[in-house]
Amino acid sequence: MFLAVRTPEFYSFIRHVLAVAIIGGSLVATSSEAGEVAGPIVGAWGGDRLNLILGVEGGKLDYDCGSGSINEPVRIDSLGRFTVRGAHTPHHAGPELTDWAATTRAATYDGRVFGAVLELRVLIDDEAIVRSYRLDKNHKVKLIRCR
């Protein structure tokens, strides 16, 4: 059906096409916003003096001079991002004294997964320094312990 230009039918047709385009575009935009992906990410990641093992309930981090834990499943959104809470325990050089107790502090781990790379940022609650790491999937680094 051919509609002549500048007729009421033509303008009605254009309004319908635009309405469908706007509704369709908003549905696509809504579905591509950062939403949680089903199931946690799992596996081993390593690099930058850090090894990370993620399981379905959380994870374990081993640094040269510290350790950490993630206390919840790591679920990425549609853009590969995540933020989880956990703990960080620094270690020190030399022997540990029998009466020495490690100071475990709350930490926030956030990052992004793209392909076989995980970029991780660690923020320990009472520090202003953000530590950044680039980890590769199925890669394990040899740690040089400070103890």
For His92 and Glu119 in the same chain, what is the full-extension length gain: residue separation times 0.36 nm, less their Cα-Cα distance, in nm? 7.2 nm
Once phi is turned into θ = phi - 60°, what whole-Hz ³J(HN,Hα) does the Karplus curve with 6.51, -1.76 and 1.60 give for every residue of the range 70-76, x standing for Gly and Pro? 10, 9, 8, x, 9, 10, 8
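Computed from the coordinates by the stated procedures, all read-outs in this text should not be read as laboratory data. Small disclaimer: the values here were computed from a predicted structure and weren't measured.
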